[in-house]
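A.B. asks: Can you keep this structure in mind? I'll have questions shortly.
The values are calculated or read from the model by the stated rules, or taken from the named source; none is laboratory data. Given the structure is predicted, the values throughout are model-derived calculations rather than measurements. Neighbour counts run over all protein chains shown; Cβ positions are idealised from the backbone, glycine included.
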Amino acid sequence: MKNLVRWIGVAPGLVCLALVVDLAGSAAVKQWKRERTERETLEAEARQEPYRNQEWGHRYWEEMNRYRERWESYWIYRLSDRHGEFLNVTNGVRSTYLPRGSWPGHSHTVFLFGGSAAWGHGARDQATLASWLARVGEEHGERLDVRNYAESGWVNWQGILYLLEKLTDGERPDVVIFYSGVNEAMSARLWPQVRRPLYDGEMTKAALTDWSLGEARPLARTWDYYRRTSLILSALIPPPGRLPPAPPLTREALADRTANEYLADKQAVETLGNGYGFSTMFVWQLTVASKPVLSAQEQQYAGWVPRTPANTAPIGWWLMDTDLRSFYEVIGKRVSDGGAIDIGSAFVGMSQTGFIDWMHTAENGNERVAREIYRHLEPKLHQSTPHAHR
């Protein structure tokens, strides 16, 4: 009897200890897996062209691995300020090449929006798409102040909100460019049950739900955190999804919806341009499928190429499978028919590596994209007198 009483007294403590060990251990395992994945990705990136042949290649990806966001009220997040060897960000905006001096009648301000490809994933500050646009303009006698307002993971709607802030703050561009498409298509494909999903479609909803639950019902929030963190409990009792089930949409219907939303974004920015006096360009983002001749490295990203050990991508998300390619090209055709700019000829005649995965261009790829965009940009630079800019 005494032993039973003793066990009844000890049992709650043992249960609490087991729960703490389970929670701490599960959290440690999850963090270790995340850090291991980040390190494996970093090393794989550094082994690719052009980085493996550059003395700065590994240092670049080490710096990229320290990428951290800061949370914002309206567009969810933006890159936190940083000053390094390759990546420099002030007030959330990445440093961009700017021609020196004053060029009366030939100075223009260009706002660039988009996701990580526009922002410059894989490129140093002076070789991003924004910097290459400024360099190509300089070659043609135009001084372009290209402001890199893109952000990794952003969809058009976040860029539009950021554009609105810049306009209401008094900034006046001559041309606004959205180089986008991948995040819109990927978000729609992954989270079809969400209206105009962000990338990640669950992240914002989860963060707000967790915060409000923690404020109103802290015990329920503690239980929810434990249930989602514990590897043992989540395996035995999987936590419910944070989103409703996906609707029964066909791929064609989803492609139609995504294209219509993209064109509605374009129309909204064009309407803003009419009021604020800027020209608008929506440019459909290129992928490795846009390149007629693939290098050996680029074949790793092309899911329609027969797989061999030599052309298997070491990181799964680098690959564009045939279904994604088809889905993306259907949307691209529809938005191009609706007035989005098609720069699909940018990589014609290029056999060397221009992509570092299926969606991100290397520095030489950024140059190709910039030159093709500039062909469409140049006529717009002289449609009106440049603003007196802030």
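A.B. asks: Restricting attention to the stretch 154-177, which residues are more than 22 Å from S73 (Cα to Cα) and among the hydrophobic types (A, V, I, L, M, F, W, C)? Give the steps one after another, and end with the answer.
C.D. replies: Initial filter on the stretch 154-177 (more than 22 Å from S73 (Cα to Cα)): 172-177.
Result: V175, V176, I177.
A.B. asks: Please work out which residue is farthest from A117 (Cα to Cα), limiting yourself to the stretch 304-314 and to residues that are in contact (Cβ under 8 Å) with a residue 12 or more places away in the chain and more than 21 Å from the chain's Cα centre (by Cα). Outline the logic, then answer.
C.D. replies: Quick first cut of the stretch 304-314, residues in contact (Cβ under 8 Å) with a residue 12 or more places away in the chain only: 304, 310-314.
With more than 21 Å from the chain's Cα centre (by Cα) added as a condition, the list becomes 304, 310-312.
Numbers: W304: 22, A310: 26, N311: 23, T312: 23 Å.
Checking each candidate, the answer is A310.
A.B. asks: May I ask you to list pairs of residues, at least six apart or on different chains, whose Cβ atoms are under 8 Å apart, with the first in the stretch 289-302 being farther than 10 Å from W358 by Cα and in the same structural domain as D321 (by TED's automatic domain parsing) and the second being at pLDDT below 95 and assigned to a helix (DSSP H, G or I)?
C.D. replies: A296/A310; A296/N311
A.B. asks: Can T229 be described as of a type outside the set (K, R) and touching a helix residue (DSSP H, G or I) at 6+ places or on another chain (Cβ under 7 Å)? Lay out the reasoning, then the answer.
C.D. replies: Numbers: of a type outside the set (K, R): yes; touching a helix residue (DSSP H, G or I) at 6+ places or on another chain (Cβ under 7 Å): yes.
So T229 fits the description; yes.
A.B. asks: As an exercise: evaluate G181 against (1) in the same structural domain as W317 (by TED's automatic domain parsing); (2) surrounded by fewer than 24 Cβ atoms within 10 Å (Cβ to Cβ) and give the number of the one condition it does not meet.
C.D. replies: (2)
A.B. asks: Give R172, R189 a once-over and let me know the one that is among the basic types (K, R) and at pLDDT below 95. I'd like the intermediate steps shown before the answer.
C.D. replies: Numbers: R172 fails: at pLDDT below 95.
Selected residue: R189, the only one of R172, R189 that is among the basic types (K, R) and at pLDDT below 95.
A.B. asks: Kindly check whether there is at least one residue in the stretch 308-326 that is surrounded by fewer than 22 Cβ atoms within 10 Å (Cβ to Cβ), touching a Leu at 6+ places or on another chain (Cβ under 6 Å) and over 30 Å from A264 (Cβ atoms).
C.D. replies: Yes, the conditions are met somewhere in the stretch 308-326.
A.B. asks: Could you list, in sequence order, the residues of the stretch 332-344 that are outside any helix (DSSP H, G or I) and either surrounded by 15 or more Cβ atoms within 10 Å (Cβ to Cβ) or of a type in the set (D, E, K, R) (or both)? Spell out the reasoning first.
C.D. replies: As a first pass, look at the stretch 332-344 and keep what is outside any helix (DSSP H, G or I): 338-344.
Within the stretch 332-344, G338, A340, I341, D342, I343, G344 meet the criteria.
A.B. asks: Shifting gears a bit: Pairs please, first residue from the stretch 264-279 and outside the structural domain of F113 (by TED's automatic domain parsing), second anywhere and hydrophobic (A, V, I, L, M, F, W, C), Cβ atoms under 9 Å, 6+ apart in sequence or on different chains.
C.D. replies: none
A.B. asks: Only one of these is under 30 Å from A253 (Cα atoms), of a type outside the set (S, T, Y), part of a helix (DSSP H, G or I) and assigned by TED's automatic domain parsing to the domain that holds Q126: E329, E372, E367. Name it. Break it down into steps so the answer makes sense when it comes.
C.D. replies: Details: E372 fails: under 30 Å from A253 (Cα atoms); E367 fails: under 30 Å from A253 (Cα atoms).
One residue alone meets the criteria, E329.
A.B. asks: Being among the small types (G, A, S) and buried (at least 20 other Cβ atoms within 10 Å of the Cβ) is the filter here, so list the residues in the stretch 83-126 that pass it. Even if it seems obvious, please write down each step before you answer.
C.D. replies: First pass over the stretch 83-126, keeping only residues among the small types (G, A, S): 84, 92, 95, 101-102, 105, 107, 114-118, 120, 122-123.
G114, G115, A117, A118, G120, G122, A123 - these are the residues of the stretch 83-126 that are among the small types (G, A, S) and buried (at least 20 other Cβ atoms within 10 Å of the Cβ).
A.B. asks: Next question, about the same structure. Which one is nearest to Q31 (Cα to Cα), of the residues in the stretch 220-268 that are loosely packed, with under 14 Cβ neighbours inside 10 Å and touching a Pro at 6+ places or on another chain (Cβ under 7 Å)?
C.D. replies: Step by step, filter the stretch 220-268, then rank; the result is A246.
A.B. asks: Picking from E171, E138, E165, which residue would you name as being in a loop (DSSP other than H, G, I, E, B), among the charged types (D, E, K, R) and either buried (at least 21 other Cβ atoms within 10 Å of the Cβ) or out of contact with any strand residue (DSSP E or B) (no Cβ under 7 Å at 6 or more places or on another chain) (or both)?
C.D. replies: Working: E138 fails: in a loop (DSSP other than H, G, I, E, B); E165 fails: in a loop (DSSP other than H, G, I, E, B).
Going through E171, E138, E165 in turn, the sole match is E171.
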